[in-house]
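Working notes for the structure below.
The values are calculated or read from the model by the stated rules, or taken from the named source; none is laboratory data. What you are looking at is a predicted structure, and each value in this text was computed from that prediction instead of being measured. Here the Cβ positions follow ideal geometry from the backbone for every residue, glycine too, while neighbour counts run over all protein chains shown. Protein only, heavy atoms only, side chains kept; ligands, DNA and RNA dropped before computing areas. Shrake-Rupley method; radii C 1.70, N 1.55, O 1.52, S 1.80 Å.
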Amino acid sequence: MEKPQKRKRDDTPSPPPPPLDAGDATVENGVDLSLLEAIEKSAQNGGTVVVLDLRGLKKLVLSFERRLRDNLEARVMHPDQPDRFADSEVELHEELDRLKALAGAPELYADFVALNVVPSIVGLLGHENSDIASDVVNLLTDLTDADVLEDNDEPAAALIDSLLANNVLELLVQNIGRLSEADPDEAAAIYNTLAIIENMIEVKPAVAEMVCERTKLLRWLLGRIKVREFDGNKQYASEILAILLQNSPANQKRLGQMNGVDAVLQAVAMYKSKDPKSSDEEEMLENLFDCLCCLLMPVENKERFMKSEGVELMIIIMKQKKSAYGSAIRALDFAMTKYPPACERFVDVLGLKTAFAAFMGKIPMSKKNKKERYQEELEERIISLIASLFGGIVRGSRRDRLLSKFVENECEKIDRLMELYMRYSDRVKAESERMDELELDDLEMDEEERYNRKLEAGLYTLQLIAVILGHLWSSEHPQMQSRIELLLRQQRLSKKDVKDILVEYHDNIGDLEGPEEKDRAQAKVQKFITAFET
């Protein structure tokens, strides 16, 4: 399963964060030219760019703590007279702004933590003045920025651990709850809060589960993606949700229990008969499908997907032939893998016609899917989907309907299957020959590496095609068997070639899902191997 694409970072995000305009004279390759000009002018006028050292850091921290104390005292002494503490808050704002200089010296992060100022800064996320809380968010955004933390693993870990120890996740998410996106500054603070969480996950992946265990972030994200209007914060919310779900069965199950499958389906349903209006909106839709596919990993969520009529919705999206066409196929593939009830529902709601139209290459054309790799991915997904159908529907009238698809129109779908078989077989053969040449050059590879490289070249899809051929051959339908033999002979191949692919597949089935599941999977493949031997 693909990982969600990384968000394209803007240098100065604002809500909705506008994409950097390549034609904007102030921005070039994501660099703020106005900032560079200001630095150059400063140098020309005899000014110097200050590089922070430990002594300078101590001065900044001391000044910050003094302004913080002044503000707290003013608020205690004059709680009902804002004009009496307003000046101290302006000064506190300025000190928080000055601390951003630390982002230019990440090697000082451990010293920053040792000065014991992190608790005071994090505590300000709960400040009565939401502007001060937003200042803290802006500061933490700069300090945790991926570009700043790159190649600074130990300082980054020290800062993130200190933030976590001081309940930063809980306070960040609580602060989101009091912000209004109607206010541009507060909307920016929400965006930046999501950026901090993403940056923390980047440094410490365990944060992905921590933030879901300790806060109500998942519920907030669900509510945000259900909002009909599109903006940058909705896009970012969809990406953070995808990041939280990938590689985390705990988060997948947790969100499923919160009616998350239905919520994501509702968000996706907005695009069943329309296309996104921009590349950013298109990326958001892909994020939502990433979320859906992650959610469909646990079996209990597959059941929720069916109850929410997810199978029907995906078929509708495919029939509408909009930009979500390929993503709908991917979601169906996840839903039906090792889950017979979804396969049966798919046949019952007349999904076979739509699926086999895609299998035959009748896919809607657009700028996006004219790309060769997109079409290949679609091909691989639909092959996987059909293999799942055969695996999930083993008998009865539904099985007959599935098999009959390969007989209609003079077995055109077997012709297509063999066309795909040859294409992927040629790719795998070319990769094997390439590896043989590398080994002649003394670049030795073990069997596992060779096998993985063949998988990347298309072996897994070839194996699925062989499995589908195994299902067709085992049906003992004379017309299908004779067609398969004819097409193999035309390519100077035999049943043994298909059998050899199945044997390699059989021998490499892993036991990630336990020894019993491995035995069951190998037994199924062995039946096809035996069938091709007769």
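Can you tell me the dipole magnitude for the chain around its Cα centre, using point charges on the Cβ only (Lys, Arg +1; Asp, Glu -1), in Debye to the nearest 20?
The dipole magnitude comes to about 3160 debye.
Just to be sure I follow: if Rg is taken over the C-alpha atoms of the chain and Rh is the Kirkwood radius over the same atoms, what is Rg/Rh?
Dividing the radius of gyration by the Kirkwood radius yields 1.07.
For region 163-257, with all protein chains present and a 1.4 Å probe, just round the carbon and sulfur fraction of the accessible area to a whole percent.
C and S atoms contribute 46 percent here.
How big is region 262-417 on each of its three principal axes, counting only the C-alpha atoms and giving the largest first in Å?
Taking max minus min along each principal axis of the Cα atoms, region 262-417 gives 43, 36, 22 Å.
Tell me the carbon and sulfur percent of the accessible area for region 407-479, rounded to whole percent, probe radius 1.4 Å.
C and S atoms contribute 44 percent here.
Which value in nm describes the separation of the simple spin-label points at Leu115 and Ser404, placed 7 Å from the Cα toward the beta carbon?
7.7 nm
Order these peptides, 309-322, 207-220, by their mean beta-carbon neighbour count within 10 angstrom, highest first.
Taking the mean over residues of other Cβ atoms within 10 Å, the ranking is 309-322, 207-220.
Taking 30 Å as R0, compute the FRET efficiency from the Cβ-Cβ separation of Glu517 and Glu154 and round it to 0.05.
E(calc), rounded to 0.05, equals 0.15.
Does anyone have the angle between helix 168-177 and the longest principal axis of the chain? Alpha-carbon axes, 0 to 90°, nearest 10?
90 degrees
Need the full-extension length gain, Asp183 to Lys429, defined as separation in residues times 0.36 nm minus the C-alpha distance. One decimal, nm.
Full extension from Asp183 to Lys429 adds 82.6 nm.
What value does region 178-316 have for Rg/Rh, both radii from Cα atoms and Rh as Kirkwood defines it?
Dividing the radius of gyration by the Kirkwood radius yields 0.96.
In a solvent-free Debye calculation with one equal scatterer on each Cα, what is log10 I(q)/I(0) for region 59-153 at q = 0.12, 0.16, 0.21, 0.25 Å⁻¹, listed in the order of the q values?
With one equal scatterer per Cα and no solvent, log10 I(q)/I(0) is -0.39, -0.65, -1.04, -1.38.
Based on the alpha carbon coordinates of region 469-534, what radius of gyration and maximum Cα-Cα distance (Dmax) apply, in Å?
Every Cα atom of region 469-534 included, Rg and Dmax give 13.4, 41 Å.
Taking a point 7 angstrom from the Cα of Gln490 along the C-beta vector, which residues in region 443-476 have backbone N less than 16 Å away?
Counting backbone N atoms under 16 Å from the label point, the list is empty.
Pairs of Cα atoms under 8 Å, at least six residues apart: use those to get the relative contact order of region 196-257, whole percent.
Normalised by residue count, the contact order of region 196-257 is 32 percent.
Skip the ligands, DNA and RNA, and give the accessible area per residue of the chain with a 1.4 Å probe, whole Å².
Averaged over the residues of the chain, the accessible area is 50 Å².
Quick one: if the Förster radius is 25 Å, what FRET efficiency do Arg416 and Val349 give, using the C-beta to C-beta distance and rounding to 0.05?
With R0 = 25 Å, the Cβ-Cβ based efficiency is 0.60.
What percent do you get for the relative contact order of the chain when only Cα pairs under 8 Å and 6+ apart count?
RCO, the chain: 9 percent.
So, in nm, how far is label Asp80 from label Lys58 when the simple model puts each one 7 Å beyond its Cα toward the Cβ?
So the label points at Asp80 and Lys58 sit 4.5 nm apart.
Starting at the first residue of region 63-77, write each ³J(HN,Hα) from the Karplus equation 6.51 cos²θ - 1.76 cosθ + 1.60 with θ = phi - 60°, in whole Hz, x for Gly and Pro.
Computed from phi, the couplings for region 63-77 are 5, 4, 5, 5, 5, 5, 4, 4, 5, 4, 5, 4, 5, 5, 6 Hz.
Given region 299-369, report the % of alpha carbon pairs whose separation exceeds 17 Å.
38 percent
Can you give the angle from 0 to 90° between the axis of helix 153-165 and the longest principal axis of the chain, with both taken from C-alpha atoms, to the nearest 10?
It is inclined by approximately 80 degrees.
State, to one decimal in nm, how far the label point of Glu73 lies from the label point of Arg228, with both points 7 Å from Cα in the Cβ direction.
Each label point is offset 7 Å from its Cα along the Cβ direction, giving 5.5 nm.
Tally up the carbon and sulfur contribution to the accessible surface of region 266-392 as a whole percent, 1.4 Å probe, everything protein left in place.
50 percent
Measure nothing but the geometry: give the 0 to 90° angle between the long axis through the Cα atoms of 495-507 and the longest principal axis through the Cα atoms of the chain, rounded to 10°.
Compared with the principal axis, the helix lies near 40 degrees.
How much net charge surrounds Pro82 when only the other residues with a Cβ under 11 Å from the Cβ of Pro82 are counted, with Lys and Arg +1 and Asp and Glu -1?
-3
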